Amino acid sequence: MIRDALTNEGIEVIYTGLHKTPEEIVNTAINEKVDVIGISSMTGAHNLIFQRVFELLNERGKNIPVFAGGIIPDGDIPKLKEMGIKEVFLPGTELKGIVEFIKGLS
Amino acid sequence: MAKVLVMKERKEKFTNLSNMDIKSVYTPEDVKNIEDSKDIGLPCEFPFTRGIHQTMYRGRLWTMRQFSGFGAAEDTNKRFKYLLKHGETGLSTAFDMPTLMGYDSDNPRAAGEVGVCGVAIDTIADMEILFDGIPLDEVTVSMTINAPASILLSMYIAVADKKGIPLNKLGGTTQNDMLKEYTAQKEWIFPPEPSLRLITDTIIYCARNLPKWHPISISGYHIREAGSTAVQELAFTLYDGLTYVEGVIKRGLSIDEFAPRLSFFFNSHNDFFEEIAKFRAARRIWAREIKKRYNPKDERSMTLRFHTQTAGCSLTAQQPYNNIVRVTLQALSAVLGGTQSLHTDSMDETYAIPTEEAVRIALRTQQIIAHESGVTNTIDPLGGSYYIENLTNKMEDAVYEYFKKLDDMGGMVSAIEKGFPQKEIKESAYSYQKEIDSKERLIVGVNDFIEEEKAPVEVFKTNPDVERKQIQRLKDIKGNRDKKRLKMALEDLKRAAHGDENLMPFIIEAVKSYATIGEICDVLKEVLGTYKEPIV
Ligand code: B12
């Protein structure tokens with residue numbers, strides 16, 4: 001759905017599919033030369049996943065903005081922002097807001 | 001000439017969630033094509049529009065079954081007992097992501113996910129703890145498990161065996177529906193054809209050994225949650241069901257040997273009457289199709305029994321207490337639609353898996369409908385309503401249009417390969433979200449009647465130490481098993497997978513020799529292959 005909203009707004013989306021490891025995400029992002037990485041996490045593994053994504057990006061000397069969506073407890077958001085996550089979109093966010101945010105980043 | 005003042009209506013068009021136009025009033029004109037004896041009939045009579053049992057809720061209430069699971073097996077065991085103590089009448093197990101995907105807890109892909117979204121199960125040892133102190137010959141147990149369903153069912157059988165419970169006493173359900181995984185839930189391991197083989201194996205094994213088990217729960221729930229309309233949910237689910245039936249018939253069983261144990265699982269969403277019509281249409285279409293195709297002798301082969309869950313995707317993060325009201329209405333639809341079993345979502349649905357308090361209120365909601373509202377006094381109380389009967393017919397017609405498209409594509413598996421159901425669902429999801437963003441559809445607290453609020457409910461947290469403990473337990477078990485027996489069991493399984501024998505007895509032997517879910521899946525992947533998602 002997020003993919004459709006962005007594509008309809010003229011933003012090119014490389015969709016990795018589901019259940020990807022941080023390694024797979026970062027590889028795809030670098031190979032496809034993306035401007036931003038958006039990761040949806042519904043299962044509660046977000047802290048670990050995002051930490052690993054940043055480690056991998058650092059290792060490879062890349063500074064690609066990362067943002068997140070999905071089921072993420074309020075209490076975890078400051079920690080994620082500290083890690084470097086640009087924005088966290090929680091359930092109930094309007095698609096318009098997301099599109100505008102990404103246009104602002106890239 | 002008399003002048004009549006007609007008030008302008010609030011909207012130009014009134015539609016339900018399948019985008020059908022709804023008229024201002026329904027009259028006998030709208031049901032004139034419906035023949036009472038042929039299309040409606042009585043409860044427990046063909047085509048079962050009004051219900052599948054003679055006495056329905058006057059005889060026995062639906063099973064109150066709350067989907068639950070988190071942490072290690074002992075944590076979920078405690079939640080099960082809590083729910084039973086508060087009047088729940090059946091159990092329903094949620095597994096964590098690694099278990100759902102067939103990974104052991106120590107697999108790198110499991111990191112951060114162990115025991116978070118459900119209970120972590122690696123071996124039969126976990127399964128024993130999960131059902132410790134629960135009388136498996138009295139309580140029915142449902143398990144939401146798909147790609148590795150045959151493995152979890154085998155573990156359940158092995159645990160019952162250890163407890164000395166005869167297999168013919170085991171009642172419950174494995175979801176075991178892979179077709180909807182490719183279209184909606186997206187937890188796959190193997191490609192469609194070998195998945196169908198595993199499912200058929202379990203259906204045949206259960207028909208012969210577990211006469212009270214429902215080997216499959218053909219699910220529309222996930223299709224709907226992925227964003228389909230009610231019509232699409234119904235059409236794809238029933239078509240999936242017919243695909244499974246044909247698979248078993250091809251393996252040489254007669255319809256009456258297994259069809260009475262098939263079960264279904266539907267969603268109950270916001271449009272109250274549309275949902276009731278959907279459930280009634282489901283029963284009628286299923287009965288007609290099974291009769292037409294296979295002409296069964298046993299009436300039960302034609303009856304569609306189903307579990308319902310209220311629509312998680314309809315619940316809102318904003319003003320979460322309002323969710324209790326939404327769930328009440330949706331649960332009432334399910335009951336008026338004649339469900340056999342029901343899960344009511346908790347008000348904290350958008351935040352995390354439910355706290356004890358939230359799930360208790362959800363259970364109480366069912367109990368209030370059952371014991372206070374009076375709706376259980378008579379069967380199918382809306383039968384004969386001009387609107388409901390007309391809508392039931394419309395649902396049926398719309399479903400047949402999809403059946404035709406799917407037939408033309410060469411059946412469900414090839415439709416999935418072409419990405420057809422996936423695309424239909426995605427488009428509906430997107431247009432629904434657009435309707436909300438543009439306020440064509442109002443959602444209280446989301447796009448109207450908005451309030452400022454802060455941390456509105458308490459949020460459930462799983463114990464962060466679960467992963468470490470679970471991995472330790474797995475390590476201990478791996479160190480203590482009979483290596484020879486294990487090796488033989490896995491080799492036999494592999495050999496059988498290459499051939500066309502029923503795999504269930506081999507999987508049962510493997511779990512009894514403490515093979516892990518990951519080890520069994522690895523053997524099967526090697527022989528059956530893995531699935532790659534077509535991007536639509
Ligand atoms: C729909 C749904 C499902 C469907 C998914 C169908 C599908 N293909 O989409 C089904 C029924 C299959 C399902 C299954 C499961 N689910 Co579920 N599901 C939900 C539900 C009800 C809604 C999610 C949703 O799609 N909302 C609609 C979309 C539009 O909103 P959204 O995803 O929140 O996204 C918005 C923002 O978060 C943000 N966003 C999200 N991702 C991204 C990504 C980017 C890049 C950006 C920019 C923004 C963004 O933008 C969106 C617009 O506002 C939620 C609860 C809820 N009401 O939120 C539970 C929920 C996510 N599920 C949950 C669970 C546990 C599961 C299962 C693990 C259950 C199990 N044990 O079997 C399985 C796992 C399935 C899987 N493959 O992962 C839990 C997670 C618990 C937790 N983290 O603590 C939840 C919270 C329910 C609950 N309270 O228990 N689920």
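Quick notes on this one:
- Shown for region B:133-280: the carbon plus sulfur share of the solvent-accessible area, taken with all protein chains present and a 1.4 angstrom probe, equals 51%.
- Alpha-carbon centroid distance for the pair region A:1-65 / region B:331-346, whole angstrom: 39 Å
- Modelled FRET efficiency - R0 56 Å, residue B:251 with residue B:82, Cβ distances, 0.05 increments: 0.85
- Segment residue B:19-residue B:452, length gained on full extension (0.36 nm per residue, minus Cα span): 152.7 nm
- The GluC sites (Glu not before Pro) of region A:1-41 meeting both criteria, a DSSP state outside H, G, I, E and B (loop) and at most 15 other C-beta atoms within 10 angstrom of the site's C-beta, are A:9, A:12, A:32.
- Charge dipole (debye, nearest 20) of chain B; +1 at Cβ of Lys and Arg, -1 at Cβ of Asp and Glu: 840 debye
- A Cβ-based charge dipole, computed about the Cα centre of region B:384-536 with Lys and Arg at +1 and Asp and Glu at -1, lands at about 1200 debye.
- Note, ³J(HN,Hα) from phi for region B:104-118, Karplus 6.51, -1.76, 1.60, rounded to Hz, x at Gly and Pro: 6, 5, 9, 6, x, 5, 8, 3, x, 10, 5, x, 8, 9, x
- Global geometry of region B:185-338, whether rounded, prolate or oblate, following the gyration tensor of its Cα atoms and the 1.5 cut on a/c: prolate
- Cα-based shape type of region B:395-536, given that a ≥ b ≥ c are square roots of the gyration tensor eigenvalues and the cut on a/c is 1.5: oblate
- Over chain B: helical MRE at 222 nm, DSSP H runs n ≥ 4 each giving -39500 (n - 2.57), nearest 500: -14500 deg cm²/dmol
- When shorter helices are ignored and each DSSP H run of at least 4 residues is given -39500 (n - 2.57), the per-residue value for chain A at 222 nm works out to -13500 deg cm²/dmol.
- Residue B:138/residue A:90 FRET efficiency (R0 56 Å; Cβ-Cβ; nearest 0.05): 0.85
- Simple rule: put +1 on each Lys or Arg Cβ and -1 on each Asp or Glu Cβ in chain B, find the dipole, and look at B:22, B:263, B:431; the Cα lying farthest toward the positive end is B:263.
- In the B-A interface, the accessible area buried, summed over both sides, Å² (probe 1.4 Å): 2000 Å²
- Filter on B:180/B:426; B:186/B:278; B:180/B:461 - keep pairs with C-alpha separation over 19 Å: B:186/B:278; B:180/B:461
- Listed residues A:35, B:201 arranged by accessible area, highest first, probe 1.4 Å: A:35, B:201
- Rounded FRET efficiency, nearest 0.05, which uses the C-beta distance separating residue B:477 from residue B:498 and R0 of 35 Å: 0.80
- DSSP assigns beta bridges within the protein assembly as shown; of those with both partners inside it, close to 5 percent run antiparallel.
- Taking all protein chains as shown and a probe of 1.4 angstrom, residue B:485 keeps an accessible surface of around 90 Å².
- Annotation: for a label point projected 7 angstrom from Cα along Cα→Cβ of residue B:530, residues of region B:170-204 with backbone N closer than 13 Å are B:188-191.
- For residue B:143, the residues whose amide H sits under 5 Å from its own are B:93, B:173, B:174, B:175, ignoring neighbours fewer than 5 places away on the same chain, with H placed 1.01 Å from N.
- Shielding value for A:11-18 is 2, the average number of Cβ atoms from other chains within 10 Å of each residue's Cβ.
- Positive-pole candidate from B:241, B:395, B:146, dipole of the protein assembly as shown, charges at beta carbon: B:241
- In this view, the solvent-accessible surface of residue B:62, computed with a 1.4 Å probe and all protein chains in place, comes to about 10 Å².
- Cleavage-rule hits, GluC sites (Glu not before Pro), region B:11-96, DSSP coil, Cβ neighbours within 10 Å at most 12: B:12, B:35
- Nearest-10 value in Å² for the accessible area of residue B:53, using the 1.4 Å probe: 90 Å²
- Approximating the spin labels as points 7 Å out from Cα along Cα→Cβ, the residue A:60-to-residue A:1 distance works out to 3.0 nm.
- Å² per residue, accessible surface of the protein assembly as shown at 1.4 Å: 44 Å²
The values are calculated or read from the model by the stated rules, or taken from the named source; none is laboratory data. Remember, it's a predicted structure, so these values are computed and weren't measured experimentally. Methodologically, a virtual Cβ is constructed for each residue, glycine included, from the backbone with ideal geometry; neighbour enumeration extends over all protein chains shown. Remember, those area values only see protein heavy atoms, side chains included, never the ligands or the DNA or RNA. Shrake-Rupley method; radii C 1.70, N 1.55, O 1.52, S 1.80 Å.
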